[in-house]
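Below is one structure, written out as C-alpha cells; comments come after it.
The values are calculated or read from the model by the stated rules, or taken from the named source; none is laboratory data. Since this is a predicted model, take the numbers as computed values, not measurements. Side chains included, ligands, DNA and RNA excluded: accessible areas come from the protein's heavy atoms. Shrake-Rupley method; radii C 1.70, N 1.55, O 1.52, S 1.80 Å.
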Amino acid sequence: MESKNVKSTKYLTTIISAAALIILVQFVDSYCTEIFGKTQSLSVRTFLMDPRGMGSDAAVAYMSRGMLPFYLIGALTPFIRSYTDIIGRKKMMLINVSLLILGSVVCLMADSLWVYLLGNGILILGYSLDIHLIYIVDAIDKKHRGTIRGICGGVSMAAAMCIPLLRSLCVDGGRHRWQWLFGVGVVGGLFCLMLVMIYKFPGVAASDRAENMTVNVAETSGGADYTDLDEDTVEYRACDDNGSEVGTCANGISDDMPESDGHIHFFKTFRRICEDKKTRNLLLSISVVGLATVGITYYNEPMCAFSGMGESSVNMILLMQPVAALVINVITGILADHIDRVLVVRVGIVLSLIVGVVFTLGVGHISSAVLLGVLWGCMNGFYFSAEELINLLVMESVDGSVRGRASAMSTLSYGVGDQIGIFLISLVVGALGMRWAKMLFLVPPLVIAAVLLRIKLRSK
C-alpha cells in the first residue's frame, strides 16, 4: 500500500509540474498570438499611414495583402507538428518556444513593414506549433479534459489582458514605442526555454487503446505504473482490479502496433484515421469552422481605433475583451465535462455568430467601450472554445500512437478553411471596407458550420 501511495504521489506531482510548464508556455504563446491583431492600428500608422499618407482602410488592406505569403507559412505547421510522434513532445516544444523568441526579436527591431511582417511570419510558425491539447489528452483523464482546456483558454486570455496594460504605457509615452511590447515575448520565451530544457517530460500517460480496455487510473485498484525510459519516453502499464497487467505502451504506442521506422507516413495515416466516420465528420466540421476565423479575428482593433475612439477607450476595449473571453472559456470547459461536448460546440458556434454580428455592426454606434469589449470577448470566447473542443474530440477519437498526427490533421483541416478565408478577405477588404469584409466571412461560414454540426455530429 505504501508503494502504491508513493507512486500515486509521484504521478500527481509529475502531472502538476507538467501542467504548470504547459500553462507558462501557453501564456507566452498566447501573448505572441494576440499582439499583432491588437496593435494593428499602431503598425499601419507607423509603417503605412504616416510615411505614405494612406487612409486607414487602404493601409489595412495593403497590410492584409502583404501578410498573405507569411500566413501561408502556417500551412507548413501540420506536417511539422506530425513529428511530435517521432521526435517527442519536448523537442517540438523547444522548437515552438525558440521560434516565438526569434519572431519577437525581429518584430522588436523591425524598421520597415516587410521586416516586421517577416517577424510576424516567424511568430505564426511558432505559435501554430502549440501542442498543449496533445499534452492534455496524453496526461489528463477524459472526464477532466474539458475543464483543463478551459483553464488553458483562460490563461490565453490572461496573456491577452497584458497587452492593453502595457500598450497604454508605450503609446502614452510615444506612439512608435509600441514595438517594445514584443519584449515580453523575448523575455518570457527565454524563461520558458530554460524551463523546457531542464524539465524531464513524463511522456504519454496512456493511449486510448488502454482507455478502451476500460482501464481507469483513478478507478482501478491496480492503477497504472509509470517506468521512466528516457526524458521523452514513459512506459505505461495498465492493470486490472487484480493487479494483473493488461496492456503496455510506450509514448502511447501499444505492443501490437508496428515499430516506428522514423517516418510520419502523414498521408497513409490520414487515410487510416479518416476511415472512422466520426473522425472524418469532425475534420470536415473544423475545416468549415476555420473559414470563419478571419471574420472573428480580423480588423477588430483597427475598426475600434479608426471609428473615432480615443486611445483610452481602445485600451478599455482591449482589456475587457480577454476578461469576457476568459469567463467564456472556463464556463464552456466545465460544461464540456458535464454535458455532451458536441452540444457545447454547436451552442458556441451559434452564440459566436449572434454576438459577432452585434459587435461588428455596433462599432462606431455603441458608445460604451466596456460593452464593446465584452461583445468582442464573447465572440472570440465562444468561437475558439468550440474550435478547440472539436480539436479535442479529434484527438480523443484516435489511438495515442497517432495523436500528434491526428492533431496535425485537425490543424490542416482547420487551416484549409483559414487560409482560404485569409486569401479572399485580403482581396475584398479594399473594396468592401473592414466592417463588411468581416460580415462576409463571419455570417455565411458560421451558419454553414452550425448546420453541418447539427447534421453530421448529432448529440448522443
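Which value, in Å² rounded to 10, gives the accessible area of Trp376 with a 1.4 Å probe and all protein chains present? Counting only protein heavy atoms, Trp376 exposes about 10 Å² to solvent. Over segment 342-386, accessible surface divided per residue gives 33 Å², non-protein components excluded, 1.4 Å probe. For segment 98-126 and segment 278-316, what is the centre-to-centre distance using only Cα atoms, to the nearest Å? A separation of 21 Å, based on Cα centres. Extension gain, Thr9-Leu371: 0.36 nm per intervening residue step, less the Cα-Cα distance, totals 125.7 nm.
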